[in-house]
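First comes the structure, then the notes that go with it.
The values are calculated or read from the model by the stated rules, or taken from the named source; none is laboratory data. Because the structure is a prediction, the values reported are computed rather than measured. Here the Cβ is made from the backbone with ideal geometry for all residues, glycine too, and neighbour counts use every protein chain on show. SASA here: full protein model, heavy atoms, side chains in, ligands and nucleic acids out. Shrake-Rupley method; radii C 1.70, N 1.55, O 1.52, S 1.80 Å.
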Protein chains: 2
Amino acid sequence: MSDRVVPPAARRRRRPTKQGVVLSEELIVETAMRLLGEHGAEALSVRRLGRALGADPSALYRYFRDTDELLLAIADELIGRTLRTWRPSGDWRADLRDLGLRMHAGALAQPQAAVLSSYRVTGRAYEIQAVETALGVLRGAGFPDAEAVRIYHAFVDQALAFGALDSANTALPKAAREAEAAVWRATYARLPADTHPHIHATARHLVVDMRHSSYPTALDLFLSAAAARLAQLTAVGDAHPV
Amino acid sequence: MSDRVVPPAARRRRRPTKQGVVLSEELIVETAMRLLGEHGAEALSVRRLGRALGADPSALYRYFRDTDELLLAIADELIGRTLRTWRPSGDWRADLRDLGLRMHAGALAQPQAAVLSSYRVTGRAYEIQAVETALGVLRGAGFPDAEAVRIYHAFVDQALAFGALDSANTALPKAAREAEAAVWRATYARLPADTHPHIHATARHLVVDMRHSSYPTALDLFLSAAAARLAQLTAVGDAHPV
DNA sequence: CACCTTATGACAACACCGTTGACCTGTTAA
DNA sequence: TTAACAGGTCAACGGTGTTGTCATAAGGTG
């Protein structure tokens, strides 16, 4: 059955479920995100979602072709929330920095959804808007098209990848997370100087540093390198004007 | 039943299965990796693995507490393989570049194991060895301890994060992956100039660039920035010698 | 050699999962 | 007023991870 899903625009009959709930794409996505936030990634199944909504699980297939399409809708909503409050200042470096930090924070706000969706291309409205915006910042800064795309790609993947990595860690069961923190104190900090000189010498820093996300550091290094590259390109451009 | 798994050292009775196979932790991990390599991510289930081994699925629970523990065993083997062939040249930048690319390639070689293990700290032998090695490269290059740790953290997280991101994409069902490729051609490449000027102007580059991993770009930017930072630190160090 | 213990494999069952074809019914447009 | 049909429901299929129970061959002991 491939024509089960009716495009949102064409929906007109809002028939309530047995339990009196009127379904909609928005309500389903909202409920899914609530489930994720409350009970973790494994709580998101078609059946559970149906139960949470007060509808038969199969009713969801009138709104999403399959679970993957639902996941993409969740991802896009996440992007939308991140983008909604962002305002460009005109300084490309500050703008990208702000955007990156917002994406990262947005991922951490919904770790389970971020883990499941960070590596997907949705092709949906918010995502398109985000691409357009970020590309605009880079082209406005003076990056030539090919370079703007390269830098954009690395920038957005870096934000998504770190967001997912840190989200996955956040979403870990409490016991596992504490066990990992203990490893740095109990294992690494106690390695002797003769077998592990470098770890031994820096143990103090490792214990402190490894607790936090390294994304801010990675982001700043990224922006520095991008700025250097822009300066280089501009210099060449000036030497050989079109 | 929590004491189902007998520690490998205590195993003595090697009773063959009905089909004449003698099980072992190594054989199971090997077979799992072969299965993954041959038939993709979705081919790895306890039942399939049992079938491939010529044993009842439940027999695997004598060797691994659950599928997660099996996956960590696979991941550990993966780390070992990645590190085993790496040799430092003495040029810190080339060495880090090589290490990063190897980690990334290693992740892509076993995508689903990478996805599930990238955000974990194991504290096991291979991991410790990797930390010691990478820290040694950075300190050898002249980074002061605190800075070496900062850079190390960002470097390793970046490699892991991109490895996981690209792995997750690789591990996608074929249909979903093709759908994503199509989104760039069918959706993004066709946006009109008046509503989405930046995407429209760079569509040609986007279609080509978004197909590949952006890790090499991100890695090179990272190394450039780190080199610049080192030069800066060294200059300060020379100006104010201890 | 025979006996006993027990590690380990096999079996069957459980509770889930995503998905779909067939059916039924309330909403809506004509 | 009514007929069409969108959309909710039901039941089923074939998969999944996991576990309680049982059978038996391996290996130590005498």
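Computed values, structure above
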item	result
Hits in segment A:109-122 (condition: open to solvent by 20 Å² or more (accessible area, probe 1.4 Å) and among the small types (G, A, S))	A:A109
Hey, B:T17 within 11 Å of DNA strand D (Cβ to nearest atom) and touching a residue at least 40 places away in the same chain (Cβ under 8 Å) or not	yes
Where A:G54 falls short, out of the listed (1) within 11 Å of DNA strand C (Cβ to nearest atom); (2) farther than 25 Å from A:E127 by Cα; (3) more than 14 Å from chain B (Cβ to nearest Cβ)	(1)
Odd one out for B:A203, checked against (1) more than 9 Å from chain A (Cβ to nearest Cβ); (2) open to solvent by 30 Å² or more (accessible area, probe 1.4 Å)	(2)
Residue that is nearest to the chain's Cα centre (by Cα) [pool: residues in segment A:57-88 that are within 14 Å of another protein chain (Cβ to nearest Cβ) and within 12 Å of DNA strand C (Cβ to nearest atom)]	A:L71
Unique match (being more than 9 Å from chain B (Cβ to nearest Cβ), among the aliphatic types (A, V, I, L, M) and not in a helix (DSSP H, G or I)) among A:A235, A:A175, A:A189, A:A193	A:A193
Among the residues listed as B:V115, B:V156, B:V121, the single one being without any contact (Cβ under 8 Å) to a residue 12 or more places away in the chain and within 15 Å of the chain's Cα centre (by Cα)	B:V121
Residue within segment A:134-155 that is aromatic (F, W, Y), more than 22 Å from B:D157 (Cβ to Cβ) and not in a helix (DSSP H, G or I) present	yes
Residue check, B:R48 near DNA strand D (Cβ under 8 Å from one of its atoms) and in a loop (DSSP other than H, G, I, E, B)	no
Complete set of residues in segment A:80-96 that are assigned to a helix (DSSP H, G or I), open to solvent by 50 Å² or more (accessible area, probe 1.4 Å) and touching a helix residue (DSSP H, G or I) at 6+ places or on another chain (Cβ under 6 Å)	A:R93
Number of the condition not met by A:G142 [criteria: (1) open to solvent by less than 10 Å² (accessible area, probe 1.4 Å); (2) more than 9 Å from chain B (Cβ to nearest Cβ)]	(1)
Failed item in (1) open to solvent by 60 Å² or more (accessible area, probe 1.4 Å); (2) within 9 Å of another protein chain (Cβ to nearest Cβ), with A:H153 passing the rest	(1)
Of the criteria (1) free of Cβ contacts under 8 Å to residues at least 24 places away in the same chain; (2) within 13 Å of DNA strand D (Cβ to nearest atom); (3) farther than 14 Å from B:T31 by Cα, which one B:D91 fails	(2)
Residue satisfying all of: in segment B:156-172; touching a Gly at 6+ places or on another chain (Cβ under 9 Å) and crowded, with 24+ Cβ neighbours inside 10 Å; nearest to the other protein chains (Cβ to nearest Cβ) among these	B:A161
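Residue-wise test of (1) more than 26 Å from A:G106 (Cα to Cα); (2) of a type in the set (A, V, I, L, M).
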site: A:G20; (1), (2): yes, no
site: A:V29; (1), (2): no, yes
site: A:A41; (1), (2): no, yes
site: A:G54; (1), (2): yes, no
site: A:Y63; (1), (2): no, no
